[in-house]
Amino acid sequence: MRLTTLLPTYAQWGRAALAIGGLALLTGCDLNFWRMDGHQSTMVVDGPVARSQLDVFMVTVWVTLAIFVIVGAVLAYATWKFRAKSEADEHAETPPQSHGNPMVEIGLIAASVFALVIIAVPTLKAIWFTYDIPGGETRPQLDALVKKGEAYEVNGIGYQWWFKFEYPTEQINGAGSLITSNELVIPAGRPVRINLRTMDVIHSFWVPKLAGKVDMIPNRANHLWLQADKPGYFWGQCAEYCGDSHAVMRFRVIALAPKEFSEWLEAQKLPARDVAPKPVATVAPKAQFAALRSFKKNEYGFSDKYAAEPNRNPLEAWRDKQNPEKGEDPELIAKGKALFTAKGCIGCHAVRGHGAAGVTAPDLTHIGSRSTIAGGLLENNSEQLRRWLSNPEAVKPGNKMALAYARTDYYGKKIEGISLTAEDEVALVAYLESLK
Ligand code: CUA
C-alpha cells in the first residue's frame with residue numbers, strides 16, 4: 001500500500017478544521033481561556049510559591065517538548081527515507097533483523113537520565129522552597145526570594161463543606177482567637193504559614209494563584225506557606241473529594257496592604273455591630289423585602305460583582321462590603337436578631353456580643369462584611385442570603401444546616417425543625433447583612 005493512501009482526504013481535513021473551529025467557539029472566544037487566566041488558573045500566578053511551581057512545570061514542558069521534536073523528527077525522517085518507492089519495494093523481502101546497536105542503546109539511556117536530571121534539579125529546589133517557611137530558620141537563599149519578615153500564622157480548618165480560619169496571634173479579650181470563615185484575609189507581601197487541620201474527613205486546601213494544594217488530614221498536622229505579591233482577591237477550592245458538596249466547597253483569600261490589614265483585624269476583633277431600633281416602637285417596618293424567586297439547582301450565585309463584570313475589581317467589591325449598607329431598617333434588624341435566637345441558630349453559629357456562641361458552624365460575627373456566603377459559593381447579598389436561608393439543601397446538598405430544618409425524610413416521615421416564613425427570612429437577612 002502506498003503511504004499517500006493513508007493520508008487524510010481533503011474532506012477529512014475539512015472536518016478536522018470544523019471540529020477545531022467549533023471547539024474555539026465553545027470557549028466563547030473567551031480571551032481568558034486563551035490566556036489561561038481564569039480565577040483558578042495556575043498559569044498566571046501571583047505569589048512566589050505558585051511561581052516556583054509554575055517554573056518546574058515549564059521546565060518539564062520544555063524538556064518533553066524537545067524530546068517530542070527530536071523523536072518526531074527522527075521518525076518522520078525514517079518514514080520518508082525508507083518508504084516504498086516502487087511496486088518492487090512494496091513486495092520486497094523484509095531486510096535481515098538485528099537486535100540493535102549497543103552504542104545507540106547506551107546513548108539513549110544516558111540521554112533519558114540527562115533529561116530526568118534536568119527536571120529533577122529544579123523540582124527538588126522547588127520542593128525545599130515550598131516546605132521551608134521563611135522566617136522559621138535562617139535561610140539566606142529563601143529570604144532573598146521572598147520579602148524579609150516572619151511568616152504570619154493562620155490555622156485553616158476544613159469542615160464539610162466550608163473552611164474555618166483562626167488567627168492564633170490575634171487574641172480577643174476573653175473570647176480566644178479571632179475566627180472567621182470562608183474568607184481568609186492575609187497581609188500582602190508577607191509570607192503566611194497556614195496550619196492545615198480538618199474537623200471531619202480529608203479536605204485539601206488550594207489557592208491556585210498563590211500555592212499548590214496540600215491535604216487537610218484527620219489526626220495529622222499539615223501546613224503550607226504562601227504569599228501574595230500584592231493586594232488582591234483570590235479564589236480557593238477544596239481539592240480532595242470530601243462528600244456531596246465537595247465541588248462547591250470554596251473559599252476566598254483577600255490580601256491587603258499592611259495598614260489596611262491591621263485595620264481589618266481591629267474591626268474584626270470588635271463584637272458584632274448592634275443596630276438599635278428607634279426608641280418609638282410604633283414606626284412601621286419599611287417594606288425591605290428581598291426578592292423571592294425560585295432558583296434553579298446549581299444556578300450561578302456570585303455573577304454580577306465578581307465574574308460577569310470584567311471592569312469590576314473584586315477587591316473593591318469586597319471593600320464595599322466592609323461598610324454598613326445604606327437604608328438599613330433597624331426594626332427589621334431587631335426582629336431578625338430575636339429570630340436568630342428563637343429559631344435556634346445560636347446553637348451552631350457564634351455572633352460575638354449577641355449571645356450566640358455555637359462552634360460547629362461558621363462564625364457570623366462579621367458575616368455582613370464578607371463577599372460570599374455558603375462556603376464561598378454564593379455572593380453575599382440579600383437575594384442570595386435569602387435563597388440560602390429558605391432552602392439550604394438546594395444550594396449545597398447534604399449540608400448540616402439543612403438538617404436543622406423541618407423537612408420530610410426519604411420515607412415520607414415528617415421531621416421537626418426550623419421553619420421560616422417569608423417575613424422571618426427577610427428579617428434574618430436584614431440582621432445578617434447588618435453584621436459588618
Ligand atoms: Cu472538602 Cu472536598
- prompt: Say we look at segment 155-175 and pick out the residues that are in contact with a Ser or Thr (Cβ under 9 Å, 6 or more places away or on another chain) and among the hydrophobic types (A, V, I, L, M, F, W, C); which of these is nearest to the ligand (Cβ to nearest atom)?
  reply: W161
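Scan segment 175-184 and tell me whether some residue there is under 30 Å from V359 (Cα atoms), modelled with pLDDT under 85 and surrounded by 13 or more Cβ atoms within 10 Å (Cβ to Cβ). Steps first, answer last, please.
Kept after step one, since they are under 30 Å from V359 (Cα atoms), are these residues of segment 175-184: 175-184.
Filter once more, so that each one left must be modelled with pLDDT under 85: 175.
Next, only the ones that are surrounded by 13 or more Cβ atoms within 10 Å (Cβ to Cβ) stay: 175.
So far as segment 175-184 goes, yes, one or more of its residues are under 30 Å from V359 (Cα atoms), modelled with pLDDT under 85 and surrounded by 13 or more Cβ atoms within 10 Å (Cβ to Cβ).
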field: Filter pass, R250 being over 11 Å from G158 (Cβ atoms), in contact with a Cys (Cβ under 8 Å, 6 or more places away or on another chain) and within 16 Å of the ligand (Cβ to nearest atom)
entry: yes
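Among the listed residues A239, A272, A257, identify the single one that is within 16 Å of the ligand (Cβ to nearest atom), at negative phi and touching a Lys or Arg at 6+ places or on another chain (Cβ under 9 Å). Lay out the reasoning, then the answer.
Working: A272 fails: within 16 Å of the ligand (Cβ to nearest atom); A257 fails: within 16 Å of the ligand (Cβ to nearest atom).
Every option except A239 fails the conditions.
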- prompt: When the residues of segment 176-192 are filtered to those that are under 14 Å from L226 (Cβ atoms) and in contact with a helix residue (DSSP H, G or I) (Cβ under 7 Å, 6 or more places away or on another chain), which remaining residue is farthest from the ligand (Cβ to nearest atom)?
  reply: P187
statement: Quick count over segment 214-231, residues being over 15 Å from the mean Cα position of the chain (by Cα) and either of a type in the set (F, W, Y) or away from the ligand (no atom under 16 Å from the Cβ) (or both), is 8
message: Being in contact with a Phe, Trp or Tyr (Cβ under 7 Å, 6 or more places away or on another chain) and part of a helix (DSSP H, G or I) is the filter here; which residues of segment 216-247 pass it?
response: H246
Residue ID - surrounded by the most Cβ atoms within 10 Å (Cβ to Cβ), chosen from residues in segment 237-250 that are in contact with a Gly (Cβ under 8 Å, 6 or more places away or on another chain), at pLDDT below 95 and not polar (S, T, N, Q): M249
- prompt: Only one of these conditions is not met by E425: (1) under 26 Å from C238 (Cα atoms); (2) touching a Leu at 6+ places or on another chain (Cβ under 8 Å); (3) not hydroxyl-bearing (S, T, Y). Which number is it?
  reply: (1)
query: Is one or more of the residues making up segment 123-132 touching a strand residue (DSSP E or B) at 6+ places or on another chain (Cβ under 8 Å), at pLDDT 80 or above and part of a helix (DSSP H, G or I)?
result: yes
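Sort out for me the helices (runs of 4 or more DSSP H) sitting completely within segment 336-430 that have 3 or more residues that are in contact (Cβ under 8 Å) with a residue 40 or more places away in the chain and under 28 Å from H246 (Cβ atoms).
Qualifying helices (runs of 4 or more DSSP H): 382-390.
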- request: Output the qualifying pairs, or none if there are none: Cβ atoms under 6 angstrom, residues six or more apart or on different chains, first residue in segment 152-173 and touching a residue at least 60 places away in the same chain (Cβ under 8 Å), second residue within 12 Å of the ligand (Cβ to nearest atom) and among the β-branched types (V, I, T).
  value: G158/T198; K164/I157
query: Of everything in segment 193-213 that's near the ligand (Cβ under 10 Å from one of its atoms) and either without any contact (Cβ under 8 Å) to a residue 12 or more places away in the chain or surrounded by fewer than 20 Cβ atoms within 10 Å (Cβ to Cβ) (or both), which residue is nearest to K400 (Cα to Cα)?
result: D200
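The values are calculated or read from the model by the stated rules, or taken from the named source; none is laboratory data. Everything numeric here is computed off the predicted structure, so don't read it as measured data. Neighbour counts run over all protein chains shown; Cβ positions are idealised from the backbone, glycine included.
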